[in-house]
Amino acid sequence: MDNSAAEIATLKETVKGLNREIRDLKTSHKEGQQARAIEMKALTDEVEAMRLAMEPIRLLAPRLTQLLIQADRQDGMKTAAKLILGGGVIGALAAALAGIWEFFSKGAG
């Protein structure tokens, strides 16, 4: 009988040890969850701060597109003006040469 009482005492100590280990694991798990929650909150705050920092750029995108289109139009107008003025100068030179030719051809004839 004495032997069974010792076995029972040993089993009780084993159960107590297992209960302590389970308790410690639960505590560790809870602390880990809390740490992860804090890290996630910090990460979420950082992402939100980055989103807020990018907001003005996002809002300016349509205006930037509009300015780029306007700049392209102005470049197109400049090119057209150069062609028109260039053609006008060439036309004026051609007309002057034709006038000179006519003057000398009629004067000579």
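A short reminder: the numbers here are calculations on the coordinates, not readings from a lab. All values derive from a computational prediction rather than experimental measurement.
Miscellaneous remarks
- Pairs of Lys residues in the chain are counted when their Cα atoms are under 27 angstrom apart and they lie 8 or more places apart or on different chains; the count is 6.
- 0 to 90° range, to nearest 10: angle between helix 2-108 axis and the chain longest Cα axis: 0 degrees
- For P(r) over Cα pairs in 10 Å bins from 0, in percent, calculated from these coordinates, the label among [x] 11, 12, 10, 10, 9, 8, 8, 7, 6, 5, 4, 4, 3, 2, 1, 0; [y] 12, 17, 17, 18, 16, 11, 5, 3, 1, 0; [z] 14, 46, 34, 6, 1: [x]
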